[in-house]
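Colleague: Below are the structure tokens for one structure; questions will follow.
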Amino acid sequence: MTDRVQVLVVGAGPTGLTLACDLRRRGVRHRVVNAAEHGFEGSRAKGVQPRSLEVFDDLGVLPGLRARATTYPPLGLHAGPLTLPWVMYRRHRPTEDVPHPNTLLVPQYATDAILRQRLGELGGTVEDGTRLVSFEQDADGVTATVEGPRGTERVRSRFLVGADGGGSTVRAGAGIGFAGTTDESDRMIVADVTVSGLSRDRWHVWPRGKGRFMALCPLPGGDTFQLMLKLRPGEDADLDREAVDRSVRTFAAGVRVREVHWASVWRPNTRLAERYRSGHVFVAGDAAHVHPPTGAQGLNTGVQDAYNLGWKLGQVLAGAPEALLDTYEAERQPVAARVLGLSSEIYAGMSSRPLAATRRGDEERQLTLTYRGGPLAPAQGGGSAKSGGAVGDRAADAPYTDVHGRAGRLFDVFRGPHFTLIALGAAAVEGLRKIDWPDAGAPLVTVAIPSPTPALTRGYGIRGSAQILVRPDGHIASIAHRDWNAVLRDGAQAMLPAPR
């Protein structure tokens, strides 16, 4: 017997779970299979950047995430008997256009658990202990063989998405190359540990010569620390408690490891998939790109892969041109390439410029991420590169008062699986009467604002009347200034099902 779904998602880390939540709220029939017997148990990717917080806000998981997170503590650099304070992440105050400005420290196991909970609230499930064995494509879709508690099954789907990590079975089965390097001589223990003899008000770092270091970062919600300990070439990578305790005491004699909750050995692995799509098969997250852990970029880039792909799958399944799915690679692969360069640069700096390498700036926060110049971002009016507000840019938050005198915020309007049309100024509000939106696919939500506020002008770089179409993933799709049909004609047609 063959089960039939529209999308089969392989992998239930942050990328696969984000995609599943988005598909579920769009009414896309899907299954999520996960080869592991349960959710991830380690803290591994612990930094959630502001742009990802906006994604999680839209998906309804931000309150749960905040409850299990903290902002990053200051660093404490141990140099002999001295502990030097050092600021890694500068604190930012929320503003009208950026309500979630600070990177949050939250262990990956908590992020996974919160996304699983949200998927359950939406009526979805994860099939743990179920692995993809093989798959084959034809002109109409994919037939996959999976094995799990229900035995061996065949699953027929229109699309298959591999969110199954750096060793992706999906990527290998699709014949997609994974170009890059792995340095087997450069190894690091990454573990969640309970220790004694150490305060929890600092991210403690012990730098050493030739790039060696140890760091212990206090994790929120308990008494554990994340340990990162760079090994000497040829040094034994024993992960039992006694061995980890001995290694820790070579850096900090007064610190004792009482328990090891989870541990792994990490190697610098920097790779980028040569393609993100092969027919009906896609790769996302670590299946498409793997990064050094520095800069807290990998998890965030994977989450945003899923956020970019989910609405496009939904639109194509509703009748939009299938070429829309090609824009996933065109928009996301350059982002991953840039992030790989950034995180690799930071990691290399750990050896040559250890203090400078601990600084984190605006690029890591991913708020300036743009799809300008891509296939869905033709040159139109709007903001400058400095101000934002051009087609392809992130759509900023802003307060407003609508034509009925009701106050609101744009992010509250954006929240949900729809497009948003912002009408700024009296002429643009009147022009809403001319909008003819397709019945199929993502719906359109409009917000009519007769008098643009200074925050809207700053955030979108627009003066006078304009209509701004915002994609479901919070990027500007189109801008019209006088021709109110232009928001659909100029670029948006590639995203929408044909009228019936």
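The values are calculated or read from the model by the stated rules, or taken from the named source; none is laboratory data. All values reported here derive from a predicted model rather than from experimental measurement. Positions of Cβ are backbone-derived with ideal geometry, glycine not excepted, and every protein chain shown enters the neighbour counts. Only protein heavy atoms, including side chains, enter the accessible area calculation; ligands, DNA and RNA are left aside. Shrake-Rupley method; radii C 1.70, N 1.55, O 1.52, S 1.80 Å.
Colleague: Local charge sum around residue 34 (other residues, Cβ-Cβ under 12 Å, Lys/Arg +1, Asp/Glu -1)?
Modeller: -2
Colleague: So who's got an amide H within less than 5 Å of the one on residue 203, skipping anything under 5 residues away but keeping other chains? H placed 1.01 Å off N, in plane.
Modeller: The answer is 75, 76.
Colleague: Here are several values of volume of the Cα convex hull per residue in Å³: [x] 147; [y] 136; [z] 163. Which one was derived from the coordinates shown?
Modeller: Computed from these coordinates, volume of the Cα convex hull per residue in Å³ corresponds to label [x].
Colleague: Residue 450: net charge of surrounding residues, Cβ under 15 Å, Lys/Arg +1, Asp/Glu -1, itself excluded?
Modeller: Net local charge, residue 450 excluded: +1.
Colleague: On average, how much area does the Cα convex hull of the stretch 47-191 cover when viewed from any direction, in nm²?
Modeller: 14.4
Colleague: Residue 304: net charge of surrounding residues, Cβ under 11 Å, Lys/Arg +1, Asp/Glu -1, itself excluded?
Modeller: Net charge around residue 304: -1.
Colleague: Using only the alpha carbon atoms of the stretch 161-229, find the Kirkwood hydrodynamic radius as the inverse mean reciprocal pair distance, in angstroms to one decimal.
Modeller: 15.2
Colleague: Rg to Rh for the stretch 1-115: what is it, with Cα atoms only and Rh by Kirkwood?
Modeller: Taking Rg over the Kirkwood Rh, I get 1.10.
Colleague: So how do 458-464, 149-155, 124-130 stack up, highest first, on mean other-Cβ count within 10 Å?
Modeller: 458-464, 124-130, 149-155
Colleague: More than 19 Å apart: what percent of Cα pairs in the stretch 377-500 qualify?
Modeller: Value for the stretch 377-500: 41 percent of Cα pairs lie more than 19 Å apart.
Colleague: Give me the percent of the accessible area of the chain that comes from carbon and sulfur atoms, probe 1.4 Å, all protein chains in place.
Modeller: The value for the chain is 50 percent carbon and sulfur by accessible area.
Colleague: Can you work out the base-10 log of I(q)/I(0) for the stretch 1-63 at q = 0.13, 0.14, 0.17, 0.20 1/Å, using the Debye formula on its C-alpha atoms alone?
Modeller: Values returned for q = 0.13, 0.14, 0.17, 0.20 Å⁻¹ are -0.43, -0.50, -0.71, -0.92.
Colleague: Further question: For the chain, what is the accessible area per residue in Å² when the probe is 1.4 Å?
Modeller: Accessible surface, normalised per residue, equals 40 Å².
Colleague: If you don't mind, there's one more thing I want to ask. Enumerate the amide H contacts of residue 445 below 5 Å, restricted to partners 5 or more residues apart or on another chain; note that Pro and chain-start residues carry no placed amide H.
Modeller: Those qualifying (amide H under 5 Å, at least 5 residues apart or on another chain) are 419, 420, 421.
Colleague: So in the stretch 131-201, what percent of DSSP beta bridges are antiparallel if you round to the nearest 5?
Modeller: 100
Colleague: Kindly provide the GluC sites (Glu not before Pro) of the stretch 11-119 that DSSP labels as loop, not H, G, I, E or B, and whose Cβ sees at most 15 other Cβ atoms within 10 Å.
Modeller: Qualifying residues, ordered by number: 37, 41.
Colleague: Kindly write out, for the stretch 84-99 in residue order, the coupling ³J(HN,Hα) from the Karplus curve 6.51 cos²θ - 1.76 cosθ + 1.60 (θ = phi - 60°), rounded to whole Hz, with x marking Gly and Pro.
Modeller: Computed from phi, the couplings for the stretch 84-99 are 8, x, 8, 8, 8, 10, 6, 6, 10, 7, x, 10, 5, 9, 10, x Hz.
Colleague: Now a separate question. Provide Rg over Rh for the stretch 190-324; use the alpha carbon set for both Rg and the Kirkwood Rh (inverse mean inverse pair distance).
Modeller: On the Cα set of the stretch 190-324, Rg over Rh gives 1.14.
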